[in-house]
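The values are calculated or read from the model by the stated rules, or taken from the named source; none is laboratory data. All values derive from a computational prediction rather than experimental measurement. Every residue, glycine as well, gets a Cβ built from its backbone with ideal geometry; the counts of neighbours run over all protein chains shown. Note: areas computed on protein heavy atoms with side chains; ligands, DNA, RNA excluded. Shrake-Rupley method; radii C 1.70, N 1.55, O 1.52, S 1.80 Å.
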Amino acid sequence: MLPAILGGARAGNLVRFLAPGGVGGPRWGRLLEAAEGTSVPKAKLINSILEDSISTTDEILEVSRVLPPLPVDPAPAIVIMGLNYRSHAAEVGKELPRFPVFAFKNPASVIGHNVPISIPAVAREKPEVDFEAELAIIVGRQVRDASQDEAMAAILGFTGSNDVSARRWQGKKGGGQWSRAKSFDTFCPLGPSLIPAREASAALATSGPGLAVRSWVNGQVMQDGNTSDMEFGVAAIVSYLSQGTTLLPGTVILTGTPPGVGYVRNPPQYLSPGDLVEVELEGAGKLSNPVEAGP
């Protein structure tokens, strides 16, 4: 079991981090199993995160601070999917789409584990800021016109994400544009670790058991879903997005949310300054972010 800084992430996962004192700047490593009584996780350094075959060095460093698992920072693009969980489409009274529905999120909205979600003044006039626990795909190889097999081979790994959304801006205030409502600074927490694609491929296959996707607000379970409920799987999503379109290494794709988001609850439950919101992709660890009032 890994220490709490990584919220239950599995040993062997990939992590982007700072060593104590920030020496050497951001590093990539493969998480090591913690020794008994150890409170600080350690990682074996990786030569290059975007190589076809990821190899580690002999150097081991303590993980002092976890960073968003971005192989390219800022990400060249963040794509967000909508209505991709059958049970979520049902709870909002929408038919499942025939093709994947997507929009874009500002790459500058990304934050990491334990970094505050800052609700801007323009989204605090009335309660409206919502949580969406999601599996995020991190593309590791440039790809275009990919088959589903080629798409899967282009994926570096999977991590947890929170597609934070300002619902009034998603409606009339933002002209009905998803991208506007989801692109405020700090509205894209990612992490804490990256499950290598090959280690999750069986679970995420069409006939696989899937991975759990959950969220909590102030310790109360809000969402408890599974990726097996997705209408379009990870390989199908990447293949679809790549048709006639180049996906660059480092592209992030949020794959939709399971049921239980705040705005469909009775009464609605939105995030407020002082809250703690957590999301978890099974195996990647629990991504935790306090909520604060921003400028």
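Separation of segment 119-152 and segment 45-104, taken as the distance between their Cα centroids, equals 7 angstrom. Sequentially through segment 72-77, phi angles give Karplus couplings (6.51, -1.76, 1.60; θ = phi - 60°) of 10, 10, x, 4, x, 6 Hz, Gly and Pro residues having no value and appearing as x. The phi torsions of segment 249-255, fed into the Karplus equation with coefficients 6.51, -1.76 and 1.60 and a -60° offset, translate into couplings of x, x, 4, 10, 10, 8, 9 Hz, rounded to whole numbers, with Gly and Pro shown as x. All other residues whose Cβ lies under 12 angstrom from that of residue 209 are scored, Lys and Arg at +1 and Asp and Glu at -1, for a net of -2. For segment 216-284, the set of GluC sites (Glu not before Pro) satisfying both a DSSP loop assignment and a count of at most 11 other C-beta atoms within 10 Å is empty.
The C-alpha radius of gyration of the chain, expressed as a fraction of 2.2 N^0.38 Å, stands at 0.95. Distance between the C-alpha centres of segment 257-276 and segment 171-188: 16 Å, rounded to the whole angstrom. Within the chain, how many lysine pairs that are 8 or more places apart, or on different chains, have C-alpha atoms less than 16 Å apart? The result is 5. Backbone phi angles across segment 123-139, fed through the Karplus curve with coefficients 6.51, -1.76 and 1.60 (θ = phi - 60°), yield HN-Hα couplings of 10, 10, 4, 9, x, 7, 7, 10, 10, 8, 6, 8, 7, 10, 8, 10, 7 Hz in residue order; Gly and Pro are listed as x.
Near residue 84, the amide H atoms lying under 5 Å from its own belong to 257; only residues 5 or more places off or on other chains count, and H is placed 1.01 Å from N. Take residue 73: with every protein chain present and a 1.4 Å probe, its accessible area is about 90 Å².
What is the magnitude of the charge dipole of the chain about its Cα centre, with +1 placed on the Cβ of each Lys and Arg, -1 on the Cβ of each Asp and Glu, and no other charges, expressed in debye to the nearest 20? Can you show the working numbers first?
Details: 25 positive and 29 negative charges, 146 e Å.
Around 700 debye, computed over the chain.
Across 72, 217, 92, mean-square fluctuation computed from a Gaussian network of the chain (C-alpha pairs under 10 Å connected) peaks at 92.
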